[in-house]
Each structure stands twice: as C-alpha cells, then as structure tokens.
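The values are calculated or read from the model by the stated rules, or taken from the named source; none is laboratory data. Owing to the predicted nature of the structure, the values given are computational and were not obtained by experimental measurement. Cβ placement follows ideal geometry from the backbone for every residue including glycine, while neighbour counts extend to all protein chains displayed. The protein model used for the area step is the full one, side chains on, heavy atoms only, and it has no ligands, DNA or RNA in it. Shrake-Rupley method; radii C 1.70, N 1.55, O 1.52, S 1.80 Å.
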Amino acid sequence: MKVPILALLGCAAAWPQQYDIVLKGGHVLDPANNINAVRDVAVAGGRIARVAADIPASQAKKAIDAKGRYVTPGLIDLHFHAYGYSGAIFPDDTALPTGTTTVVDAGGAGFRTIDDFRAKIITKVRTRVLALMNIAGRGMIGSASEDNVADMRPAETAESIKKNRDVVVGIKVAHFGKPGWDALKRAVEAGRLADVPVMVDDKIFTNAGRTSQEKLLDVMRPGDMHTHMYNDRQVEVVSRFNGKVQEYAQQARVRGVLFDLGHGGGSFLWPVAAAAARGGFFPDTISTDLHDSSIMMQQSDMPNCMSKMMALGMTFEEAVKRSTMIPAKVIKRLPEIGTLGEGHSADIAVLAVREGVFALKDSWGKKRLASKKVENVLTIRAGQLEWDSEGRGFPEWTKAGKYEVIP
Ligand SMILES: [Zn+2]
C-alpha cells in the first residue's frame, strides 16, 4: 500500500525526537538520587533530560542498548596529573576510555602558573579538568618549587582561587622535603581564606618532627584529605608492628579528615591495603594518581582501582559511590557532577562487571588474583558519545551498498 508522504510526516511530528540519546535498559546506579534499578536515561542538549522506567527509543535521535551493563555518573578522578608535573599526561585519551569524565589535577599549577594550565590544557580538552592549586607558587616542578616556603603564599593563592573558582576546587601540598609543618600549615591557611579543602601528599618525617598522628589530628582540618592512604611512608594508617589500623587514623576519620586512594606509581601496596581493609578502613574517595609511571604496568585507572577495592571486600555499589558522588561532594561540585540527576551535565559511564580470573597489580610489582573486574564500555561526556568499545551506539550495516561483502 502506498502511504502518502504527508501522513508519514504527521506521524513523525506526533513522536518528535526530543532527545539526542537514550540509553535503554541499563541498570542505573545513581547514589545521589538513591536509584539502583533498571532505568532508561535520556540526554538532550548536553544534559540529563530524563531518567525513567521506559523512554521510547523513537523519542531519541540515537538509542543505545545498555542491557546487562551498569549506567553510572561519569567517574570523577580526584587525583590525576595533567599539567606541571614531569609525568603529566594528556587527559582525553586516558580518562575518557575509562569512563572518567572529570579529572582533578593534583597540584600541577600554583598561583603563578594557573593561567598557563588553563590556556594549554583545561580549555583544549573534552574531559572536564578541575584543579587543586599547589601551595607552591610555581606548582609541581620539583624541589626548587615544592620546598620553597617563601613562595608558598596563602593570601596570593587564595586570591587566585577566588578568580578561578570555575576550575580550582582546592589546594594541594606535596613532596615537601624539609622538616616541620610549614608547607601544610600554609596550605591550610590558604584553604581557610578561600574556603576550599586541602589535599595532602606528604611524607612522614619522624626524625625531623613530622608524624602521621600529629598531621591527621592536629594540622589537617575536617574536609581535608590525605591521598596515598595505602602506602606506608606518607601516612601510617596501619601499624607496621601489629598490622592493625591505627587508633589515631580512626579518630581522624571521626573528626572528618578524609582518606583518598591515590594509587599512583608507588602508593598502592596490597599488604597495607589488605590490612586496612581487614580493619574496615576503606578510602572515602577512589582516585588514580594517574601519570606516566602508573598508567601502564600497574593499571591504576579508575575501573582498575574500583576492581582492586572490590577484591578487598568493597561492594560494586560502594565503589561507584566513592568514584562519583563522594568525590563530587568533597570538592563541593555535587550535584553539578557526580549524579545522573535531571538537568545536570550528561557525563555518563556504562560499566561492565566481568567475571573470571584477573591479575590485579600493585605498586610493588606484586599481584593478587580476583574474580571480578570492572570495565568501562561506553562514555558520554557533556552529552557526546566519546567511547564505545562494544559498538552499542553504532548501527549495523543492513546491506553492503555498492561494495560486495565477502562471505
Ligand atoms: Zn600525584
């Protein structure tokens, strides 16, 4: 039967394609909205438009089958290196394939170099790049900068943060090689002036007057975070004498000090992590410390870090929460990021939880075998499909066209 063309147009008008993308039938995990169920997610104009039990595929320009996969907010990596540091890496080709739609550069730039960071990286990439501003004026360019107390200026740092609030979400203090608390105290003062948290990456230096206990209980504030929590030379969460979680680490947690994974090239050790996990001491936030010496052999990207936490007993749901909602909250960006709430940026990860036998490696070149592994299969950033390893957003050829298909 011949259908008049006007009738077809009329039909299209009744079912307008009001959405750019709809993800169909995935298991949505959105801790900020207490959603843990099969739902469809529609995206329009770069934002989450609707989350509902059934959104017809015909209402979207592109329908993507997400059955058998978890649909989560785009992962937020609270500790990444995109600028300044000698091992810094380009964010897009490392973050987006792993479902990581936001990376927080941990101290690459100080108040003297934030403009350069913005011009060269932040405005040039598709990944959302935020920054923890180094208390050292010139940032993470080695000991000439990171030990230079005279150039750690709380007032100038806080002023610069106030001018750059769109990208700067906190302060970083790192690699301080001198005795005492000068660097951390200046970072905390800048944090107080700008009302932002401080991330600490700082050695225990017992013979020069720095201890984990004093740092966690006396110098850091509630809301400040210690990264690299599972190494044994920056913060001694586990006693090396009895393998138990330190009483003062528990007290620090009670007073609101936060602990961040910060896997990195030397900071995730299975014996420390396993002992801490036995004592119930897991990271508040999961992060990678991704740079050129942690990305390849140790596979410290976000899904691998989540897998390692699951191997220690954390549930997948908790691993998602500590990679999305909680990091967003820590840097005061929830609900702008870290949730699939309607109206917010359409930053989405589609994750598979594979079952099998997997080798998960630490920073000492040792592995543990695990039966589950998280893998990102699809990433949407600001409404754009950026990664699709299973081709879920790709239509199949239905005919060979002008080329012959060789059977
Ligand atoms: Zn780092």
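Residues of the range 86-97 that are open to solvent by 10 Å² or more (accessible area, probe 1.4 Å) and within 15 Å of the ligand (Cβ to nearest atom): 86, 88, 89, 94.
The number of residues in the range 234-261 being hydroxyl-bearing (Ser, Thr, Tyr) and modelled with pLDDT under 95 comes to 1. In the set (1) within 16 Å of the ligand (Cβ to nearest atom); (2) open to solvent by less than 20 Å² (accessible area, probe 1.4 Å), residue 257 fails one condition alone, (1).
Of all residues in the range 312-327, those that are open to solvent by less than 10 Å² (accessible area, probe 1.4 Å) and either within 25 Å of residue 355 (Cβ to Cβ) or more than 16 Å from the ligand (Cβ to nearest atom) (or both) total 4.
Quickly run through the range 292-302 and pick out the residues that are open to solvent by 10 Å² or more (accessible area, probe 1.4 Å) and at pLDDT 95 or above. Walk me through how you get there before you give the answer.
So in the range 292-302, the residues open to solvent by 10 Å² or more (accessible area, probe 1.4 Å) come out as 292-293, 295-299, 301.
The one that is open to solvent by 10 Å² or more (accessible area, probe 1.4 Å) and at pLDDT 95 or above: 301.
Summed over the range 278-306, residues that are within 16 Å of the ligand (Cβ to nearest atom) and farther than 23 Å from residue 83 by Cα total 1.
Among residues of the range 33-51 that are closer than 20 Å to residue 67 by Cβ, those with a beta-carbon under 9 Å from a residue that is among the aromatic types (Phe, Trp, Tyr) and open to solvent by less than 70 Å² (accessible area, probe 1.4 Å) at least six positions away or on a different chain give the pairs 42/19; 43/19; 50/19. Only a single criterion out of (1) of a type in the set (Gly, Ala, Ser); (2) out of contact with any strand residue (DSSP E or B) (no Cβ under 9 Å at 6 or more places or on another chain); (3) modelled with pLDDT of 95 or more is not satisfied by residue 190, namely (2). The condition of being out of contact with any His (no Cβ under 7 Å at 6 or more places or on another chain), within 25 Å of residue 233 (Cβ to Cβ), open to solvent by less than 30 Å² (accessible area, probe 1.4 Å) and more than 16 Å from the ligand (Cβ to nearest atom) holds for residue 309.
Would it be correct to say that residue 231 is closer than 19 Å to residue 212 by Cα, within 12 Å of the ligand (Cβ to nearest atom) and either open to solvent by 10 Å² or more (accessible area, probe 1.4 Å) or at pLDDT below 95 (or both)?
On the way: closer than 19 Å to residue 212 by Cα: yes; within 12 Å of the ligand (Cβ to nearest atom): yes; either open to solvent by 10 Å² or more (accessible area, probe 1.4 Å) or at pLDDT below 95 (or both): yes.
Criteria met by residue 231.
Among what's in the range 112-121 and is assigned to a helix (DSSP H, G or I) and either of a type in the set (A, V, I, L, M, F, W, C) or crowded, with 24+ Cβ neighbours inside 10 Å (or both), pick the residue that is nearest to the ligand (Cβ to nearest atom). Show your work before the answer.
Narrowing the range 112-121 to residues assigned to a helix (DSSP H, G or I): 114-120.
With the extra rule that they be either of a type in the set (A, V, I, L, M, F, W, C) or crowded, with 24+ Cβ neighbours inside 10 Å (or both), the set shrinks to 114, 117, 119.
Working: 114: 17, 117: 15, 119: 22 Å.
Only one residue fits best here, namely 117.
A Cβ distance below 7 Å, combined with a sequence gap of six or more or placement on separate chains, defines the contacts here; from the range 274-293, residues that are under 19 Å from residue 369 (Cα atoms) and touching a residue at least 24 places away in the same chain (Cβ under 8 Å) reach residues that are open to solvent by less than 10 Å² (accessible area, probe 1.4 Å) and of a type in the set (Val, Ile, Thr) in the pairs 276/237. Show the residue pairs that are 6+ apart or on different chains and have beta-carbon atoms under 8 Å apart, the first residue being within the range 178-207 and away from the ligand (no atom under 16 Å from the Cβ), the second being open to solvent by 20 Å² or more (accessible area, probe 1.4 Å) and of a type in the set (Phe, Trp, Tyr). Final answer for the pair search is 179/205.
Residue check: residue 361 meets all listed conditions (1) at pLDDT 95 or above; (2) open to solvent by less than 30 Å² (accessible area, probe 1.4 Å); (3) not acidic (Asp, Glu) but one, namely (2).
For every residue, the table says whether it meets (1) within 16 Å of the ligand (Cβ to nearest atom); (2) open to solvent by less than 30 Å² (accessible area, probe 1.4 Å); (3) assigned to a strand (DSSP E or B); (4) more than 20 Å from residue 384 (Cα to Cα).
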| site | (1), (2), (3), (4) |
| --- | --- |
| 43 | no, yes, yes, no |
| 61 | no, no, yes, no |
| 71 | no, yes, yes, no |
| 78 | yes, yes, yes, yes |
| 84 | yes, no, no, yes |
| 103 | yes, yes, yes, no |
| 110 | yes, yes, no, yes |
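Residues in the range 122-145 that are away from the ligand (no atom under 16 Å from the Cβ) and open to solvent by less than 60 Å² (accessible area, probe 1.4 Å): 122, 125, 127, 128, 137.
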